[in-house]
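Structure first, commentary second.
The values are calculated or read from the model by the stated rules, or taken from the named source; none is laboratory data. Because the structure is predicted, anything quoted here is derived from the model rather than measured. Here the Cβ is made from the backbone with ideal geometry for all residues, glycine too, and neighbour counts use every protein chain on show. Calculation scope for accessible area: heavy atoms of the full protein, side chains included, ligands and nucleic acids excluded. Shrake-Rupley method; radii C 1.70, N 1.55, O 1.52, S 1.80 Å.
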Amino acid sequence: MIIEHKLVIADVKLVADFRRYILYWKKRFTEQPITDFCSVIRTNSAAPPEEQDNYFLLCDVLPEDRLLREELQQKRLREIIEQQQKERYDTGFHSTCMFCDQEFTGNRSVLLNHMAREHAFNIGLPDNIVNCYEFLAVLQNKLDNLQCLYCEKVFRDKNTLKDHMRKKQHRRINAKNKEYDRFYIINYLEFGKSWEEVQSEDDRELLDNLEEDWSDWEEHPMCAVCLFCEQQADTTEKLYFHMQFGIKSRLNFYQQVKLVNFIRREIHHCRCYICQEKFQSKTELISHMEETKHVTFLPARSTWDQPQ
């Protein structure tokens, strides 16, 4: 349009539905001269007339254009909210985890929560996401092409990619990648604003309220939770005593984290981490581990000290 018709549309990326926008103005330009709607920008004004060009700028300074953009934004927002509501209550969701190939059916939140809990891959709360199938397909395609989801560097094989994402803590998406914006509700909420602008406004509001009185704030003490039951303690030493073993000896911090995560995962799946016997409930599992004294032993290192 710029080359053939000398038409420049301002902030075109903020037009919610470009096709409907163009069809509207195509009709209006047949009804009235284009100069009734557009500012005229003359280039090479110092040159001879035959070398000068007139470009027509269409922008939301024109009330009619701004109203059209706002209407298209509201229409798109309604469509997105309807789609998000369908996905929120959809029980026919079916997909596979991109990290462990485990299949999930029911609601999308089951898979998203699994990836956040088991693989430390968090793309946001399910209620903040729309077009989830397409979003997951985009991410899966990147992994299939051996591409890091965060830095988007391409690797020679899957194991190298996994090691890179684990060591560099790149098991997350790049918030600066505009490709993902269409999958988050926040990007549809306010006309002409991206999620970064909305978030910065929220941050400024918090800064403006720093003078508020916090004297009535009561901080709750930090608590650690037992790996096997709901018992809590305010120090790790008390918790070690409760669980009847310690995990510090000869393990660095990263190994301790891996061991704790392994035990929690096995307990969550109602499986004894010593003998691998599976039970119907957590209560049955704990009874078994106490009777066999398995609760007093640590699992074999080969079972938990694996690349994540």
**Message:** Which count do you get for residues in the stretch 103-141 that are without any contact (Cβ under 8 Å) to a residue 12 or more places away in the chain, of a type outside the set (A, V, I, L, M) and surrounded by fewer than 18 Cβ atoms within 10 Å (Cβ to Cβ)?
**Reply:** 3
**Request:** Output the number of the condition that residue 155 fails; it satisfies all remaining conditions of (1) within 29 Å of residue 255 (Cα to Cα); (2) exposed (fewer than 14 other Cβ atoms within 10 Å of the Cβ); (3) without any contact (Cβ under 8 Å) to a residue 12 or more places away in the chain.
**Result:** (2)
**Asked** If you check residue 71 against the conditions, is it over 20 Å from residue 128 (Cβ atoms), under 33 Å from the mean Cα position of the chain (by Cα) and surrounded by 14 or more Cβ atoms within 10 Å (Cβ to Cβ)?
**Response** yes
**Request:** Determine whether residue 38 is open to solvent by less than 40 Å² (accessible area, probe 1.4 Å) and in contact with a Leu (Cβ under 6 Å, 6 or more places away or on another chain).
**Result:** yes
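Yes/no per residue for (1) at pLDDT below 90; (2) of a type outside the set (A, V, I, L, M, F, W, C); (3) closer than 30 Å to residue 262 by Cβ:
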site	(1), (2), (3)
1	yes, no, no
16	yes, no, no
31	no, yes, no
49	yes, yes, no
58	no, no, no
63	no, yes, no
103	no, yes, yes
110	no, no, yes
**Prompt:** Across the stretch 283-308, what is the number of residues that are free of Cβ contacts under 8 Å to residues at least 60 places away in the same chain and open to solvent by 80 Å² or more (accessible area, probe 1.4 Å)?
**Reply:** 9
**Request:** Considering each residue of the stretch 80-105, count those that are in contact with a Phe, Trp or Tyr (Cβ under 9 Å, 6 or more places away or on another chain) and over 27 Å from residue 118 (Cβ atoms), and give that number.
**Result:** 2
**Prompt:** With (1) modelled with pLDDT of 85 or more; (2) of a type in the set (Asp, Glu); (3) surrounded by 11 or more Cβ atoms within 10 Å (Cβ to Cβ) as the list, and residue 53 as the residue in question, which single condition is left unmet?
**Reply:** (1)
**Prompt:** Taking residue 78, is it within 16 Å of residue 187 (Cβ to Cβ), basic (Lys, Arg) and free of Cβ contacts under 8 Å to residues at least 24 places away in the same chain?
**Reply:** yes
**Prompt:** Taking the condition polar (S, T, N, Q), touching a helix residue (DSSP H, G or I) at 6+ places or on another chain (Cβ under 7 Å) and either surrounded by fewer than 16 Cβ atoms within 10 Å (Cβ to Cβ) or under 30 Å from residue 133 (Cα atoms) (or both), does residue 95 pass?
**Reply:** yes
**Prompt:** Do we have any residue at all in the stretch 144-158 that's in a helix (DSSP H, G or I), among the hydroxyl-bearing types (Ser, Thr, Tyr) and at negative phi?
**Reply:** no
**Asked** If the Cβ limit is 6 Å and pairs must be 6+ apart or interchain, which residue in the stretch 1-20 that is in contact (Cβ under 8 Å) with a residue 40 or more places away in the chain and at negative phi pairs with which residue that is part of a loop (DSSP other than H, G, I, E, B) and open to solvent by less than 90 Å² (accessible area, probe 1.4 Å)?
**Response** 10/59; 14/192
**Request:** Name the single residue, out of those in the stretch 5-24 being more than 19 Å from residue 182 (Cα to Cα) and out of contact with any strand residue (DSSP E or B) (no Cβ under 7 Å at 6 or more places or on another chain), that is surrounded by the most Cβ atoms within 10 Å (Cβ to Cβ).
**Result:** 24
